[in-house]
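Here's the structure, in structure tokens; my notes come after.
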Amino acid sequence: MTSERDRTAPTLGLSRRVLARLSAGAAAITPTLITERRDFHRYAESGWTEFRTTSLIARRLADLGLDVKVGRDVLDPDVRMGVPDVDVLEAAWGRAKAQGGDPEFLKEARGGLTGVVATISHGAGPTVGLRFDIDALDLQESHAPDHRPEAEGFASVNDGVAHACGHDAHAAIGLGVARVLADLGSTIKGTVKLVFQPAEEGVRGAKAMVAARVVDDVDALLGLHVYSGWETGLVAPGKSGFLATSKFDAFITGAPAHAGGSPHLGKNAMLAAATAVLNLHAISRHRLGATRINVGRLTAGQGRNVIPPSAHLVIETRGATSKLNDYMVDAAVRVLESGAAMYECDVEIRPMGRAESADSDPALAERVSRVVTALPGMAVRDAEPGGGSEDFTYMMRRVQERGGLATNIGFGADLGDWGHHTAVFDIDEAALPMAVKLLVATTLDLQRNPE
């Protein structure tokens, strides 16, 4: 007689039959994964303008029979940060319509209400959440003939917008997970929530979804990010050490005057801004951990003989903890207000994005690690410490605060270390079905073998 131990994969609560079915399902959809990833790549859309992306994700999930929600059902519009102006949103919506977006779901997303949540339920059991970010970057993709997306016809056709961080892959992986789970049907023992998040770049989108309570019922939350430069199939099951960050713009307003004839009547916003920039970078760092600030852009002035009446600064702070980031923000606000006051100018500070600090739960990371070791072609690697931020931390912290577990998974997809956020970024598409297998196997293991 075959024992239960013989019939199950080592260390997992999944039978070999289920794992074989999962592997076959992921292999069968590999051409679709690649096609969809390339389609999202070709029609790249940046944060809060992912209208085509949102509508097609929602349509494909609805066609699978999933419970699908879009728009105000998945985010709080008043909590969004860094939303483009109305004319930008409308132009992007019209472009999405012309580029083949689904009419029904385009209507629900209009006005920057992008993102999708789909639910699969099969009776009592844990709720596992899976998050996939879907936005591109405001960056011009290379059209060099040796750039693979250009050579193979899927480079971005939208000028100044490019998938240079792998979120096109994440969207395709999420759809692949949905297809495999739908096929597995009653193998699911509980609920799976698939969260397709807008506006991760600039850390703008997760907070609005958390405010809409989309992860409040989640017991275990998984996020995954592909990494070019990591060998394909190497997995970091529990990335931690994300820096808290705040993104904000400062608008300094003074008064123009003739620089030669009546300079005493002007209020020089450029000098106020320049004074602020120097002192922002001079803010004392904190002894309790890493603290950073950067003024990424300063725009000011009108003409050679005009006292500059306005200035615009684009700023970010970071901290090893949310409290340390708040320390930097508070100091930055004082510097900006003081710099403006020195030149009798006014200053408006406008929040554009924010992410909290967070760490992956070791227990959940260990569960992912066990799944990795049971799947052919994958192996565990250590996560590299870094100075980056990720607004998935909002979802992680919400789940953790409510008694659940959360982890952020790094997944190798090496096609040469092109570097994320560059014009030539690309990934190894062999990672797509592998990531689908990992997420589905981990989801089923969590539901069938809760600890």
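The values are calculated or read from the model by the stated rules, or taken from the named source; none is laboratory data. Fair warning: this is a prediction, and the values are worked out from it, not measured in the lab. Counting neighbours? That spans all protein chains shown, and the Cβs are built from the backbone with ideal geometry, glycine included. We work out accessible area using only protein heavy atoms, side chains counted, and drop any ligands, DNA or RNA first. Shrake-Rupley method; radii C 1.70, N 1.55, O 1.52, S 1.80 Å.
Data overview
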{"read-out": "Condition met for PRO84 (without any contact (Cβ under 8 Å) to a residue 60 or more places away in the chain and over 28 Å from ALA151 (Cα atoms))", "value": "yes"}
{"read-out": "Residue within the stretch 162-181 that is touching a residue at least 40 places away in the same chain (Cβ under 8 Å), in a strand (DSSP E or B) and open to solvent by 20 Å² or more (accessible area, probe 1.4 Å) present", "value": "no"}
{"read-out": "Candidate set: the stretch 150-169, residues that are in contact with a helix residue (DSSP H, G or I) (Cβ under 6 Å, 6 or more places away or on another chain) and not aliphatic (A, V, I, L, M); chosen: the one farthest from THR422 (Cα to Cα)", "value": "PHE154"}
{"read-out": "Residue selected from the stretch 200-258 under the condition of a type in the set (Lys, Arg) and part of a loop (DSSP other than H, G, I, E, B), by the criterion farthest from ALA274 (Cα to Cα)", "value": "ARG213"}
{"read-out": "Yes/no for THR119 being polar (S, T, N, Q) and touching a Gly at 6+ places or on another chain (Cβ under 8 Å)", "value": "no"}
{"read-out": "Residue count, the stretch 307-323 (criterion: open to solvent by 20 Å² or more (accessible area, probe 1.4 Å) and closer than 19 Å to ALA355 by Cβ)", "value": "6"}
{"read-out": "Meets criteria (polar (S, T, N, Q), closer than 18 Å to GLN197 by Cβ and either at pLDDT below 95 or open to solvent by 30 Å² or more (accessible area, probe 1.4 Å) (or both)) for THR127", "value": "no"}
{"read-out": "Selection within the stretch 282-306 - of a type in the set (A, V, I, L, M, F, W, C) and open to solvent by 80 Å² or more (accessible area, probe 1.4 Å)", "value": "LEU288"}
{"read-out": "Selection status of ASP414, part of a loop (DSSP other than H, G, I, E, B), surrounded by 16 or more Cβ atoms within 10 Å (Cβ to Cβ) and modelled with pLDDT of 95 or more", "value": "no"}
{"read-out": "Selection from the stretch 63-98 of residues that are of a type in the set (Gly, Ala, Ser), farther than 25 Å from GLY202 by Cα and in contact with a helix residue (DSSP H, G or I) (Cβ under 8 Å, 6 or more places away or on another chain)", "value": "GLY65"}
{"read-out": "Hits in the stretch 227-245 - residues which are at positive phi and surrounded by fewer than 21 Cβ atoms within 10 Å (Cβ to Cβ)", "value": "GLY229, GLY241"}
{"read-out": "Only one of PHE132, PHE154 that is buried (at least 24 other Cβ atoms within 10 Å of the Cβ) and in contact (Cβ under 8 Å) with a residue 40 or more places away in the chain", "value": "PHE132"}
{"read-out": "Residues located in the stretch 324-362, provided they are open to solvent by less than 40 Å² (accessible area, probe 1.4 Å) and small (Gly, Ala, Ser)", "value": "ALA331, ALA332, GLY339, ALA340, GLY353, ALA355, SER357, ALA358, SER360"}
{"read-out": "Candidate set: the stretch 40-57, residues that are within 15 Å of the chain's Cα centre (by Cα) and of a type in the set (S, T, N, Q); chosen: the one nearest to ARG110 (Cα to Cα)", "value": "THR49"}
{"read-out": "Filtered residues of the stretch 110-137 (kept if touching an Asp or Glu at 6+ places or on another chain (Cβ under 8 Å) and on the phi > 0 side of the Ramachandran plot)", "value": "GLY115"}
{"read-out": "Pairs with Cβ under 8 Å, 6+ apart, first in the stretch 39-62 and closer than 19 Å to ARG80 by Cβ, second part of a helix (DSSP H, G or I) and among the polar types (S, T, N, Q)", "value": "GLU45/THR53"}
{"read-out": "Filter result (open to solvent by less than 20 Å² (accessible area, probe 1.4 Å) and β-branched (Val, Ile, Thr)) within the stretch 246-281", "value": "ILE252"}
{"read-out": "Top-ranked residue in the stretch 203-226 [being within 14 Å of the chain's Cα centre (by Cα) and either open to solvent by 20 Å² or more (accessible area, probe 1.4 Å) or without any contact (Cβ under 8 Å) to a residue 60 or more places away in the chain (or both); ranked as nearest to MET352 (Cα to Cα)]", "value": "ARG204"}
{"read-out": "Residue list for the stretch 372-411, restricted to those being assigned to a loop (DSSP other than H, G, I, E, B), at pLDDT 95 or above and not aliphatic (A, V, I, L, M)", "value": "ARG402, GLY403, GLY404"}
{"read-out": "Number of positions in the stretch 94-122 that are of a type in the set (Ser, Thr, Tyr) and free of Cβ contacts under 8 Å to residues at least 60 places away in the same chain", "value": "0"}
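So that you can scan it fast, the table gives a plain yes or no per residue for (1) at positive phi; (2) assigned to a loop (DSSP other than H, G, I, E, B); (3) touching a helix residue (DSSP H, G or I) at 6+ places or on another chain (Cβ under 6 Å):
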{"site": "ALA365", "(1), (2), (3)": "no, no, no"}
{"site": "ARG370", "(1), (2), (3)": "no, no, no"}
{"site": "GLY419", "(1), (2), (3)": "yes, yes, no"}
{"site": "GLU429", "(1), (2), (3)": "no, yes, yes"}
{"site": "LEU438", "(1), (2), (3)": "no, no, no"}
{"site": "ALA441", "(1), (2), (3)": "no, no, yes"}
